[in-house]
Structures are given as structure tokens and as C-alpha cells.
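Engineer: My questions all concern the structure below.
The values are calculated or read from the model by the stated rules, or taken from the named source; none is laboratory data. In this text, all values refer to a predicted model and were calculated from it rather than measured experimentally. All Cβ positions, glycine included, derive from the backbone under ideal geometry; neighbour counts span all protein chains shown.
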Amino acid sequence: MNCNYQDLRSSHPLQACWDLQLGGLGADALRVALEYGVFDQLRQFTSARHTAEALALDQQATSYLLELLWCQGLLERNEQQPALYRNLPTAERHLRAEADDYCGDALLFRHQVLRQTGSQLGDYLRSGMATPSASPQAIARSWANAARLQIAQEQRAVTTELACALIERLPECAQLERVLDLGGGPGLVAIALAERLPNLTGVVFEYPEAAAVADDNIQRAGLGERLQALGGDLNHDDIGSGFDLIWCSSVLHFVDNLPAMLRRLHAALRPGGLLVCCQAEVPSERDAAAQVLPYYLHMRLQGRHVLAEGEMAHLLQGAGFSAVQQLNGLRFPVTPVNAVIARRPQG
């Protein structure tokens, strides 16, 4: 029998829809594995039975979970019987609770945001967009908690490397003396820059509760004489002036009046000073947009500033910045971001 069955192996048009639904189950598998400490048990090749016994879990269900994590590319499998599983490098570095670059709490937070957005999407469609109803005090407390945990994990694992690589490639890098880390959370970017640039001093500006977290980190790093944590409300309070560099990442989504804020950043720089702004923008190309839109849907539904690609550069030019450059698609927590580098003119 000489038949060609290749046409029967091609994907059905509905496969794209099925893949979307399956992605949710994969995310739940990761959530459960983090919550139960599964990756902590898998530094060496281990059986499902030993993993289940160590965590007081059902052996059969544990074996199915480990197999799912294996096919998702988080574990490697020894093909002996019964199969043994071990963390692959990503899981070992970022998903094991004792790892230096552990990001489990950050991943669980992102999972919660995505699930909550999905569950509320119908309400948004029926009732329209709603502005966040939390009090300023509650918002400040939530940012402080995030600075202690999930933002710190992501800055340590991802953001500081990107920030330092970007800034070290600027022609002005060696002359930088004073930095503002705007909305800097735990302050790890400012700390990393100060450790690399011995003449650099600066300020981490955050809500007062989050600024206290940054100050603890600054003191722990032994940089208390060079860096200061300043608490305040970004929309209303003085952010300082005379900076050579302002770094801000994923902060300007949350300001009340974006054009006014950009004018304030312009005024806070010394003549010739640099603004480096990293945040997600919505690309016009579909595949690129698919990397950004799912996570930022919740911000858009809350009326936050999620701009189209190139819009931030245009607004910066309108605020008086010059020599505006844009670098698209840089790696960042959850989605790629665009880096916009702009300068206050010398005159």
C-alpha cells in the first residue's frame, strides 16, 4: 500500500484556538510546581515517587506533573524506568527557591494578574473601563511589597543586566556623575550602576514605603554615601534636578499626565543630560504585538498609558528633548520593551 498521508498530518485551522487554551493549563502547571516547591526537589535526577514522598503528594499525579514540566522544557528526563527528572538550567537558576536569581514569586504574581484579567474581561466588556479604586495608601503599600519581592526578583535576574548594558554603551557613560532612578522600586538598578561607575552618585525616587526598601538595599550594598532613597508621589512631589542621567522602566504607564511628566523630566536633567526610558509599546506588526498585548491588556483596561510603537519618542520631542533614539524589542520581564534614549539640549 503506497499512500501519502502527509495531508492528514497538517494542522487543523482550529489548532491555534486549541493552543491558546492549552497555554492556560501549562501556566497552571508552572504555578502549582512553584507553590509546592517541586523544583526544589530536582537538583539531581529524582523519581516521581521520591518527589511525591518528599512533598507529601500523590505519586501518580506527581508523575504526570513532572512529565508535563518536562515537555514544557523546564525539566530533563532520564529515559530509564521509572523515569528520573532533573531541573534544566532555567529551572535551576530561576525556579528553585534557594537560587540567587529565583523568580518564583514574580512569576506567581504575573500569573495572578493574567488570570484576574481574564476572569474580569466580560465585566469590562459589559460595564466599560474602570479606574483603579484603591486608596493612595493602599497603592503605596502594594508597591512597597512588590519592591521587597517580585520587582526585586526581576530586577536582580533581568533588569539590572539590561540597564547596565544599555548605559555602558552610551558615549557619555564615563562622564556620568548623578543619576535619578525614577520609580526604581528596590533600587537595584541604581546600585548596579553605582557599583560599575565609581564616580556615580544619585537618587532612587519611589513611594515612601518603597523608598524605605530601596534604602535598606543601598545600605546593605555599602553605598549609603553615594545613593539616596527619596520618598514621594511621582505625580506631585519634587523629583530633584541637575541629573546627568534619568533611568525609568515601566514607570510612565502609571503617571496621571504623561506630557507634563515628560516636561518635568526634561527640567530635572542638566543641559546635555540623558533620559533612558524602557517600557513596552504596542507594535504594528502582528507577531510582535502578540508578545505585548496579552500582558498589557489589564493596564489598557484600567486606562493606563500603553502607547503605540514610536509614540513615546514623539512625545519626548514635543517635551523639548533632542537626539531621540529608539531601540525596539529588548528583553525584559514578561514582554519585550523599547528603549528610548533622549537628551536635553545643551543650549
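Engineer: Which one of 20, 34 is hydrophobic (A, V, I, L, M, F, W, C), under 23 Å from the mean Cα position of the chain (by Cα) and more than 29 Å from residue 148 (Cα to Cα)? It would help to see each step written out before you state the result.
Structural biologist: Details: 34 fails: more than 29 Å from residue 148 (Cα to Cα).
Of 20, 34, the one residue that is hydrophobic (A, V, I, L, M, F, W, C), under 23 Å from the mean Cα position of the chain (by Cα) and more than 29 Å from residue 148 (Cα to Cα) is 20.
Engineer: With basic (Lys, Arg), closer than 30 Å to residue 200 by Cα and either touching a Ser or Thr at 6+ places or on another chain (Cβ under 9 Å) or not in a helix (DSSP H, G or I) (or both) as the only criterion, which of 270, 264 stands out? Please lay out each step first, then the result.
Structural biologist: On the way: 264 fails: either touching a Ser or Thr at 6+ places or on another chain (Cβ under 9 Å) or not in a helix (DSSP H, G or I) (or both).
The match here is 270.
Engineer: I would also like to ask the following. For the condition of a type in the set (A, V, I, L, M), within 25 Å of residue 190 (Cα to Cα) and in contact with a strand residue (DSSP E or B) (Cβ under 9 Å, 6 or more places away or on another chain), what is the one hit in 262, 258, 293, 307?
Structural biologist: Criteria check complete, one pass: 262.
Engineer: Restricting attention to the range 154-169, does a residue exist that is among the hydrophobic types (A, V, I, L, M, F, W, C), part of a helix (DSSP H, G or I) and more than 22 Å from residue 337 (Cα to Cα)? First the steps, then the outcome.
Structural biologist: Initial filter on the range 154-169 (among the hydrophobic types (A, V, I, L, M, F, W, C)): 157-158, 162-167.
Filter once more, keeping what is part of a helix (DSSP H, G or I): 157-158, 162-167.
Add one more test, that the residue is more than 22 Å from residue 337 (Cα to Cα), and what stays is none.
The answer is no; no qualifying residue exists.
Engineer: Follow-up question, since we're still on this one. Among the residues that make up the range 194-209, is at least one of them more than 19 Å from the chain's Cα centre (by Cα), touching a residue at least 40 places away in the same chain (Cβ under 8 Å) and surrounded by fewer than 20 Cβ atoms within 10 Å (Cβ to Cβ)?
Structural biologist: yes
Engineer: Starting from the range 70-89, take each residue that is part of a helix (DSSP H, G or I) and list its partners that are charged (D, E, K, R) and surrounded by 15 or more Cβ atoms within 10 Å (Cβ to Cβ), counting only C-beta distances under 8 angstrom and pairs at least six apart or across chains.
Structural biologist: 70/76; 70/77
Engineer: Restricting to the range 307-347, what's the tally of residues that are part of a loop (DSSP other than H, G, I, E, B), hydrophobic (A, V, I, L, M, F, W, C), buried (at least 20 other Cβ atoms within 10 Å of the Cβ) and in contact with a Phe, Trp or Tyr (Cβ under 9 Å, 6 or more places away or on another chain)?
Structural biologist: Residues meeting the conditions: 0.
Engineer: Here is a follow-up. Across the range 1-31, which residue is surrounded by the fewest Cβ atoms within 10 Å (Cβ to Cβ) among those that are aliphatic (A, V, I, L, M) and in a helix (DSSP H, G or I)?
Structural biologist: 8
Engineer: Moving on to the next point. Based on what the data block shows, is residue 168 surrounded by 19 or more Cβ atoms within 10 Å (Cβ to Cβ), in the same structural domain as residue 338 (by TED's automatic domain parsing) and in contact (Cβ under 8 Å) with a residue 12 or more places away in the chain?
Structural biologist: Judged against the criteria, residue 168 is not a match.
Engineer: Starting from residues that are surrounded by fewer than 21 Cβ atoms within 10 Å (Cβ to Cβ) and assigned to a helix (DSSP H, G or I), keep the ones in the range 171-193 and report whichever is nearest to the chain's Cα centre (by Cα).
Structural biologist: Of everything passing the filter in the range 171-193, 192 is nearest to the chain's Cα centre (by Cα).
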